[in-house]
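Here is the structure we will look at.
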Amino acid sequence: MEFNEYQEAAKRTLYGNEQVLTNCALGLAGETGQVVDLVKNYTFKGKSLNRDELIHEMGDVLWYLSQVAEWADIPFDEVAKTNIETLNKRYPHGFIIEN
């Protein structure tokens, strides 16, 4: 699935009013926190990392992120493309740990 295609499909479930940006930003923070909790519990509490739960929470993060872009009239493909361009400039040979 292409990013813009996802963004358009996700928009169908957006409930919006004048505070949609705030709702999406707060939702993004909350869902990101749930991803962080899964990783924290795996890393520090010895719990198993439930792949299905991780996929679900990452999907929620993706939804909120796509809708912030939607609100700002930014194609989601542009967000992804710009990020890859930034990474390529920052790490032209990939990420290398220097001694």
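Quick notes on this one:
- Filter result for Gly59 (of a type outside the set (Lys, Arg), surrounded by fewer than 16 Cβ atoms within 10 Å (Cβ to Cβ), on the phi < 0 side of the Ramachandran plot and within 11 Å of the chain's Cα centre (by Cα)): yes
- Candidate set from region 14-26 (those that are in a helix (DSSP H, G or I) and without any contact (Cβ under 8 Å) to a residue 40 or more places away in the chain); member that is surrounded by the most Cβ atoms within 10 Å (Cβ to Cβ): Asn23
- Verdict on Trp71 being modelled with pLDDT under 95 and under 17 Å from Phe3 (Cβ atoms): yes
- The combined condition, being in a loop (DSSP other than H, G, I, E, B), of a type outside the set (Phe, Trp, Tyr) and modelled with pLDDT of 95 or more, is not fulfilled by Ser66.
- Top-ranked residue of region 62-99 - restricted to ones that are over 13 Å from Leu28 (Cβ atoms) and of a type in the set (Asp, Glu), ranked as surrounded by the most Cβ atoms within 10 Å (Cβ to Cβ): Asp77
- Single unsatisfied condition, Leu49 versus (1) assigned to a helix (DSSP H, G or I); (2) exposed (fewer than 15 other Cβ atoms within 10 Å of the Cβ): (1)
- Within region 74-99, the residues that satisfy the criterion of being in a loop (DSSP other than H, G, I, E, B) and either at pLDDT 95 or above or within 20 Å of Lys11 (Cβ to Cβ) (or both) are Ile74, Pro75.
The values are calculated or read from the model by the stated rules, or taken from the named source; none is laboratory data. Predicted model only: the values in this text are computed from it and were never measured. A quick note on method: Cβ atoms are made from the backbone with ideal geometry, for glycine too, and the neighbour counts reach across all protein chains shown.
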